[in-house]
1. Is it the case that the stretch 112-119 has a residue that's among the hydroxyl-bearing types (Ser, Thr, Tyr) and outside any helix (DSSP H, G or I)?
2. Identify the single condition in (1) in a helix (DSSP H, G or I); (2) surrounded by 11 or more Cβ atoms within 10 Å (Cβ to Cβ); (3) within 25 Å of the chain's Cα centre (by Cα); (4) without any contact (Cβ under 8 Å) to a residue 60 or more places away in the chain that Arg33 does not satisfy, given that it satisfies every other one.
3. What are the pairs, 6+ residues apart or on separate chains, where a residue within the stretch 61-80 that is under 12 Å from Ala126 (Cβ atoms) has its Cβ under 8 Å from a residue that is hydrophobic (A, V, I, L, M, F, W, C) and in a helix (DSSP H, G or I)?
4. Inside the stretch 81-103, can you point out the residues that are surrounded by fewer than 13 Cβ atoms within 10 Å (Cβ to Cβ), among the acidic types (Asp, Glu) and either in contact (Cβ under 8 Å) with a residue 24 or more places away in the chain or farther than 25 Å from Ala63 by Cα (or both)?
5. Only one of Lys74, Lys41 is loosely packed, with under 11 Cβ neighbours inside 10 Å and in the same structural domain as Ala128 (by TED's automatic domain parsing); which?
6. Within the set of pairs 6+ apart or on separate chains, which have a first residue in the stretch 124-135 that is farther than 13 Å from Glu98 by Cα, a second that is surrounded by fewer than 17 Cβ atoms within 10 Å (Cβ to Cβ), and C-beta atoms under 7 Å apart?
7. Would you point out which residue out of Ser106, Ser116 is free of Cβ contacts under 8 Å to residues at least 12 places away in the same chain, among the hydroxyl-bearing types (Ser, Thr, Tyr) and over 14 Å from Ser134 (Cβ atoms)?
Amino acid sequence: MITSMMDWVTDMPHDIEITNMAPKTHKQWLEARAELYKLKKAEEEKNIEARRLFDFLRPELRAFVMEMERTLRKHDPIKGDSYKTIDPIILDSLLNSEYDEYILESPPYEEFTITSEMKKELLDLANAAMMLWSR
């Protein structure tokens, strides 16, 4: 179903003979195609800029940030972006709680190795820090 000019342009068959179209329809089609081109160009430029920013980050930081985002998205259906409006004192408490959980998962110094549970807690700790930092 066509609900906008952009749908009309996108849904239009590309193999039709444009010269057989009525002048008004032909003009509308050309204007809509030009608008679609501008939108696609702007989207490409936005993607290029995002890629530059992503490439700027160190590989380890990129991987860590991607894991942070995965963790946040996993909780989005329930919590969403509630951290933007929750009392910062609660976020501070969350940060301390996540630190405590990390410490509990850490082995004694004599046997120190980084475990997958420690990494999970580090992600939670980093996300809690980001939430508090962004306020």
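1. Yes - at least one qualifying residue is present in the stretch 112-119.
2. (3)
3. Cβ pairs passing all conditions: Phe64/Leu123; Phe64/Ala126; Glu67/Leu123; Met68/Leu123; Met68/Ala126; Met68/Met130; Thr71/Leu123.
4. Answer for the stretch 81-103, where residues must be surrounded by fewer than 13 Cβ atoms within 10 Å (Cβ to Cβ), among the acidic types (Asp, Glu) and either in contact (Cβ under 8 Å) with a residue 24 or more places away in the chain or farther than 25 Å from Ala63 by Cα (or both): just Asp87.
5. Lys74
6. Arg135/Pro88
7. On inspection, the qualifying residue turns out to be Ser116.
The values are calculated or read from the model by the stated rules, or taken from the named source; none is laboratory data. Please read all numbers here as calculations on a predicted model, not as lab measurements. As a convention, Cβ positions derive from the backbone with ideal geometry for all residues, glycine included, and neighbour counts pool all protein chains shown.
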